[in-house]
Amino acid sequence: MTLVSDRQTPPGGPGAAPQPAAAVPPLGELPDATLTPALVHDLLLGLAGVLPRGQVLGAPLVRRARRAGLGGAGEVTLVLPTAEAAQRALASGRLVLRDQEHTPLALLEELTGVAGSDAAVTGLPRRLRLRESRAAAHPEVDFDLEGLHHRPVLVMGRPATNADLADLAGWWTDGEPPVVLVAEQSDRHDRVCTATLLRLAEALVAGMGGGADILTVPLEGRDGPSDAELARRVAARLHAVDVRMLLDDAPAGSADTWHRARSSLLDGRGEPHLDAFPADTHELLRAWRLPRSRRGLVVMFTGFSGSGKSTLARDVADWVATHSSRTVSLLDGDRVRQLLSSGLGFDEASRELNVRRIGYVAAEVARHGGIAICSPIAPAATVRAEVRAMAECVGDFLLVHVSTPLEECERRDLKGLYAAARQGTVPHFTGISAPYDVPVDADLRVDTSRVERPQAARMVLDTLIDGGWLSEERR
Ligand SMILES: Nc1ncnc2c1ncn2[C@@H]1O[C@H](COP(=O)(O)OS(=O)(=O)O)[C@@H](OP(=O)(O)O)[C@H]1O
Ligand SMILES: Nc1ncnc2c1ncn2[C@@H]1O[C@H](COP(=O)(O)OP(=O)(O)O)[C@@H](O)[C@H]1O
């Protein structure tokens, strides 16, 4: 990969003449840190001069680092996962900051440790740029405000209503063409995805006669300044001659109109309320959240070993495959453990990874409009919530708690594992020697010690039919 770099703060201070960029050492040989999407946003905004230069990435350290006078003169302070990671970085003097897809974003140089913390380092950031633009896949990597100054700016964090367009009509016509800043959306199910927002921005610009530059800005997914405040800072950085914002909460009237439309789209039953939106955007908005009958769905059965998860999952998947036109993928527990998660054990970290992997694959199925059915024990509420969030970004999620009591599961003891767990020969056994968080967010509970197998499957299918994910015709 060919890289060029530019130093953000000239050596000798902000006023000094810029020095030629030093050669970038082979990045693969340097220690690195992977930033969460929120920290990537912070870093890029900092490098673009939108956030104050002194940046402290990693919330727990912010106050202590500020008190210690860190975070000035263009430094970036970062908390690493372990003290060993910090030691490695300090020994090398450099640290590559990467996004979650491993793309190098910046190099921290002249590293020093942070007093009072054995895991934090501070250094001067040097932005790394991919020579070949990957803008389509990684718009945020190319976030750059060069050449866009002294223009009107429109910030777009939600779809424009007809009223918004009427307000913008006069504003658009004279002088320099505007810069449209599309807010890069974090993974929240009620936020329109960035790809859709970009297409909405293109439609809006085309409707106004074209000519505007469209740029994504990483506003979201961070603590601290609100979207509006960050957008104002970006606009100030651009010396914008005028700023208009279409945000989730502004202007109030149109924002309310959007909230109503969004609720109807998310609900997915009946016609969405799109009358107040330009006709040429209806299709895009409908595609953002398809009606439930065509929308992807992840059904997760959770419960103790032997509670009946796999049996129910199979029964439901068979019925859907034979009685409806929807595609269904059963992520069978044994197959998952043999293939997707082969080699993983039953300690807490392995289970988390196992359930996360299942959730990821299931969400991919849902992204493409399918129904994914999975049945891991999934003992941790936090990880189940992660899977819910992943699924709800692209479709819907239904959690079925197979709430068969532990005593009944142990009585069934299909594989002899409970007996072995009681004897201590199988460690970390859920319900015996490992925890299970009883779901408080279950969409349905089925206790198979009280409900016969056909009725148990029926309860789930009725939920799918009543919820609109399956058509009723063939009940
Ligand atoms: N220590 C321990 N605890 C719980 N379960 C154990 C353990 N060791 C092996 N098994 C067998 O593995 C099955 C559970 O795997 P999962 O992938 O569903 O578990 S988890 O979601 O990762 O917690 C589970 O199968 P099911 O009975 O189908 O649930 C068990 O048979
Ligand atoms: N109403 C019911 N629904 C599902 N399984 C039931 C029911 N009643 C008894 N069982 C039995 O309980 C066992 C559950 O096993 P399984 O589905 O593999 O559970 P899990 O996947 O939760 O470990 C099976 O032997 C199944 O026949």
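Length gain on complete extension for the stretch Arg314 to Gln338, per 0.36 nm per residue less the alpha carbon to alpha carbon distance? Please report the intermediate quantities before stating the final value.
Details: separation 24, 0.36 × 24 = 8.64 nm, distance 1.77 nm.
So the extension gain works out to 6.9 nm.
Where the centroid of each part is defined by its Cα atoms, how far is the range 415-459 from the range 363-408 in Å?
If we compute the Cα centre of each part, the gap is 16 Å.
Residue by residue through the range 243-253, which ³J(HN,Hα) values in whole Hz follow from phi under the Karplus form 6.51 cos²θ - 1.76 cosθ + 1.60 (θ = phi - 60°), with glycine and proline marked x?
10, 10, 10, 10, 10, 4, 10, 7, x, 3, x
Would you please give the FRET efficiency between Ala166 and Glu146, computed as 1/(1 + (r/R0)^6) with r the Cβ-Cβ distance and R0 = 25 Å, to the nearest 0.05? Can you show the working numbers first?
Details: r = 33 Å, r/R0 = 1.31.
So the FRET efficiency works out to roughly 0.15.
Could you work out how much longer the chain between Glu202 and Asp437 gets when fully extended? Use 0.36 nm per residue separation minus the Cα distance between them, nm to one decimal.
80.0 nm
Students often get this wrong: which residues of the range 431-470 have the backbone nitrogen under 16 Å from the point 7 angstrom along Cα-to-C-beta of Asp413?
Within reach of a label on Asp413: 431-433.
Amide H neighbours of Gly268 under 5 Å, at least 5 residues apart or on other chains, H built in the peptide plane: list them.
It is none; the list stays empty.
Highest first, please rank the peptides 202-208, 424-430 by the mean number of other Cβ atoms sitting within 10 Å of their residues.
The most tightly packed comes first, giving 202-208, 424-430.
Rounded to the nearest 20 Debye, what is the dipole magnitude of the range 429-475 about its Cα centre when Lys and Arg each give +1 and Asp and Glu each give -1 at the C-beta? Don't jump to the answer; show the numbers that get you there.
On the way: 6 positive and 9 negative charges, 49 e Å.
Roughly 240 debye, rounded to the nearest 20.
So how far apart, in nm, are the two label points at Arg453 and Arg356 if each is 7 Å from Cα heading toward Cβ?
Going by the 7 Å Cα→Cβ label model, 3.6 nm.
Tell me the label-point distance for the pair Gln423, Thr322, using the 7 Å Cα-to-Cβ offset, in nm and rounded to one decimal.
Roughly 4.0 nm, to one decimal.
Arranged from highest to lowest average of other beta-carbon atoms within 10 Å per residue, in what order do the peptides 378-385, 338-345, 408-415 appear?
378-385, 408-415, 338-345
Output the Cα-based Rg and Dmax of the range 363-475 in Å, rounding Rg to one decimal and Dmax to a whole number.
16.3, 51
At 0.36 nm per residue, minus the direct Cα-Cα distance, what do Leu27 and Ser471 gain on full extension? Give it in nm, one decimal, please.
On the way: separation 444, 0.36 × 444 = 159.84 nm, distance 5.37 nm.
Extra length available between Leu27 and Ser471 comes to 154.5 nm.
Is any residue of the range 410-445 close enough, with backbone N under 19 Å, to a label point placed 7 angstrom from the Cα of Ala385 along the Cα-Cβ axis, and if so, which?
435-444
Report the FRET efficiency, 1/(1 + (r/R0)^6), for Glu109 and Arg188, where r is their Cβ-Cβ distance and R0 is 35 Å, rounded to 0.05.
0.50
Below 14 angstrom from the Cβ of Phe429, what's the summed charge of the other residues (Lys, Arg +1; Asp, Glu -1)?
-1
Where a number appears in this text, it was derived from the coordinates with a stated rule and is not lab data. Worth saying up front: this structure is predicted, and the values here are computed from it rather than measured. FYI the Cβ positions are ideal-geometry reconstructions off the backbone, even for glycines, and counts take in every protein chain you see.
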